[in-house]
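Heads up, the thing below is written out as structure tokens.
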Amino acid sequence: MITIEWKCGYCEYDIEDPAQPAGQVKVTTLHWRCIGSDDESGNTASNIGTINAADQNRVYTLAALQAVPESVMVGWVQQALDSGDQTVADIEANVTAQVELLNTPVSGGLTPEE
């Protein structure tokens, strides 16, 4: 069975945005990874990317932003993806297809010996 896991590995923010109140930061970019894993074969595949999160207008104090759990940031990523050109379902389907191709390859290759 292939399981899907989402990760948000890095969150970028503006520190001195004159439009924000003093001491506030605004989330601008989120870096994400969608990982598919097959427990039986051990094969994994992933898609990675970044998403512009500035339109979500998420403004926090830096201390509050540092306390936001990864699961919440993953929700921000998925919300932004689903409102753009890519969707969460498309990315998950792509990762699943990659793992299935690893499980049942249709071609192969090798490096010749010297």
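Filter region 28-51 down to the residues that are within 12 Å of the chain's Cα centre (by Cα) and farther than 15 Å from Val99 by Cβ, then identify the one that is most open to solvent (accessible area, probe 1.4 Å).
Result: Ile48.
Which residue pairs have Cβ atoms closer than 6 Å, lie 6 or more positions apart in sequence or on different chains, and pair a first residue in region 1-16 that is in contact (Cβ under 8 Å) with a residue 40 or more places away in the chain with a second residue that is open to solvent by 70 Å² or more (accessible area, probe 1.4 Å) and part of a strand (DSSP E or B)?
Qualifying pairs under 6 Å: Lys7/Arg33.
In the list Ser71, Ser83, which residue meets the criterion of being among the hydroxyl-bearing types (Ser, Thr, Tyr), touching a helix residue (DSSP H, G or I) at 6+ places or on another chain (Cβ under 9 Å) and either surrounded by 10 or more Cβ atoms within 10 Å (Cβ to Cβ) or at pLDDT 95 or above (or both)?
Numbers: Ser71 fails: touching a helix residue (DSSP H, G or I) at 6+ places or on another chain (Cβ under 9 Å).
One residue alone meets the criteria, Ser83.
Is there any pair linking a residue in region 34-53 that is more than 28 Å from Gly84 (Cβ to Cβ) to one that is open to solvent by less than 40 Å² (accessible area, probe 1.4 Å) and small (Gly, Ala, Ser), with Cβ under 8 Å and at least six apart or on different chains, and which?
That search, which allows pairs on different chains as well, returns Asn43/Ser37.
Give me the pairs, please: first residue somewhere in region 72-92 and farther than 14 Å from Ala53 by Cα, second residue anywhere and in a helix (DSSP H, G or I) and open to solvent by 40 Å² or more (accessible area, probe 1.4 Å), beta-carbon distance under 6 Å, and either six or more positions apart or on two chains.
Pairs found: Val88/Gln78; Val88/Asp82.
Being of a type outside the set (D, E, K, R), assigned to a helix (DSSP H, G or I) and in contact with a strand residue (DSSP E or B) (Cβ under 7 Å, 6 or more places away or on another chain) is the filter here, so list the residues in region 57-77 that pass it. I'd like the intermediate steps shown before the answer.
Quick first cut of region 57-77, residues of a type outside the set (D, E, K, R) only: 57, 59-69, 71-77.
If we keep only those that are assigned to a helix (DSSP H, G or I) as well, we get 62-66, 71-77.
Those that are of a type outside the set (D, E, K, R), assigned to a helix (DSSP H, G or I) and in contact with a strand residue (DSSP E or B) (Cβ under 7 Å, 6 or more places away or on another chain): Leu62, Leu65, Met73, Val74, Trp76, Val77.
Which condition number in (1) open to solvent by less than 20 Å² (accessible area, probe 1.4 Å); (2) in a loop (DSSP other than H, G, I, E, B) is the one that Pro18 fails?
Answer for Pro18: the failing condition is (1).
The values are calculated or read from the model by the stated rules, or taken from the named source; none is laboratory data. Since the model is a prediction, treat every value here as computed from it, not as a measurement. Glycine also receives a Cβ, built like all others from the backbone with ideal geometry; neighbour counts cover every protein chain displayed. Heavy atoms of the whole protein, side chains included, go into the accessibility calculation; ligands, DNA and RNA do not. Shrake-Rupley method; radii C 1.70, N 1.55, O 1.52, S 1.80 Å.
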